[in-house]
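S.K.: Starting off with a structure, shown below.
Just so you know, all these numbers are worked out from the coordinates, no wet-lab data involved. Note that this is a predicted model, so its numbers are computed, not measured. Glycine also receives a Cβ, built like all others from the backbone with ideal geometry; neighbour counts cover every protein chain displayed.
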Amino acid sequence: MNKAAITTLGCKVNKCDSAVIYGLLKRSGYDIVPFHQRADIYIINTCTVTQRADYQSRQLIKRSYRLNPSARIIVTGCYAQRAPQDIKAIPGVDHVVGIGDVGKLVRAIECPSERDVLQDTPDVATVLPEHTRAFLKVQDGCDSYCSYCVIPHTRGKSRSVSQEEIMRQILRLTESGYKEIVLTGIHLGAYGFDLRPSTNLTNLIRSMDEKSLPCRIRLSSIEPMEFNDDLIDIISSSPTICNHLHIPLQSGDDGILKRMRRPYDSIFFKEQTARLISAIPDLNIGLDVIVGFPGETEENFENTVRFIEDLPIGYLHIFPYSRRPGTPAADFSHQVDSRIIKERARIMRRLGNKKKEEFYMGFHGKVLSVLIESKREKETGFLKGFSQNYIPVLVETGDNNINKEIPITVTQVRDGRVFGNS
């Protein structure tokens, strides 16, 4: 049997796309092996959100070529969509396939005879499971065009999967035994606006609740201005939706937010966060933050630090600003020196660790509902699981509890890790 290897950079949407590719490879008769092993075909699903992501993508292509110079190398994802000719010039690359073009990806897998750049308008695909949870892409693309972001140029306009297809996929996944499904999208809060008749995320959640699903549903990133009263009410009352939200803040300084073309200010964000915390018990909120945006002074950065210090949030995802060709911010004056960006990222990571530790400590002695995963931590041998509000908990328990959601009492928080007993 021919061997294939696939690797993925970037967001959960990319992981969803890779799950589709994994299925295509299996149906084409390939034995899937780890990416570091010798294979007959390598597929690199790329990201282009930062310069580092571009660099990592190129390194993975070169690594696969070193592992087997005679292997076929197929490159897809956002970097492939943005700069196909640049990727084609890398030695060993056989095909560069645009995002969502499943038909041409199949031909690239099954018809190795021709080197080519294969591109088409991206479409939306629903997706397959990974480990003890499943990722389901319900939306792709974005219409927002923030000044720093290249993704609308690579993934196109917002497109949604029909509610009927989503429910079919969810039922299929639950019948396969998955106890958590993560709804993903590039702009999840825009779900349904493009469908006819138009719908929205609130209606999608309501339809899932009506099915009394034997699983829990986790939402991926949602923009702050999209939490209207109806959406907050349905999340707070839903027996299905996890009490965990990820919200892009990007900056706590109003001047920088305006330059980023973000449609809110810090006061709105703070009030919105307070509404969510008040409405949803034990809610864990994670934030995206960009440091070193063009024109960000020390004062602007300190404003963001102080702003986050005062927010009741659980963790941060830190993104050092990266200049992306084709975006307005790439041409802004007062680009921040890379050494300053690196230092600000270090400070922000330290703040993120502090917020995470404080959030975890708030659950010491409390009982959490934890879905136990299949991998054991090397150091302790304990199984790890995630609570509904996205706290990773290490539990000394047997394999009979794998892929089960069980009550766990938090007994210790130590060095950023949470321990519990069943």
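S.K.: Candidates [x] 20.7; [y] 25.6; [z] 22.4; which is the computed mean projected area of the Cα convex hull in nm²?
M.R.: [x]
S.K.: Right, another one. Gain in length, VAL33 to ARG275, computed as 0.36 nm per residue apart minus the alpha-carbon separation, to one decimal in nm?
M.R.: 82.4 nm
S.K.: Would you calculate the separation in nanometres between label points at GLU377 and ARG172, each defined as 7 Å from the Cα along the Cα-to-beta-carbon direction?
M.R.: 3.6 nm
S.K.: What relative contact order, as a whole-number percentage, does the chain give when Cα pairs under 8 Å and 6 or more residues apart are counted?
M.R.: Across the chain, relative contact order equals 10 percent.
S.K.: Over 30 Å between Cα atoms, which of LYS12/LYS88; LYS104/LYS179; LYS342/LYS366; LYS62/LYS355; LYS104/LYS258 qualify?
M.R.: LYS104/LYS179; LYS342/LYS366; LYS62/LYS355; LYS104/LYS258
S.K.: Then there's this: Amide H neighbours of ARG216 under 5 Å, at least 5 residues apart or on other chains, H built in the peptide plane: list them.
M.R.: Result for ARG216 returns GLU180, ILE181.
S.K.: Add -39500 (n - 2.57) for each DSSP H run of 4 or more in the chain, then divide by its residues: what number comes out at 222 nm, to the nearest 500 deg cm²/dmol?
M.R.: Dividing the helical sum by the residues of the chain leaves -10500 deg cm²/dmol.
S.K.: Could you name the aspartates and glutamates whose alpha carbon sits less than 12 Å from that of LYS356, not counting residues in the same chain fewer than 8 places away?
M.R.: Within reach: GLU309, ASP415.
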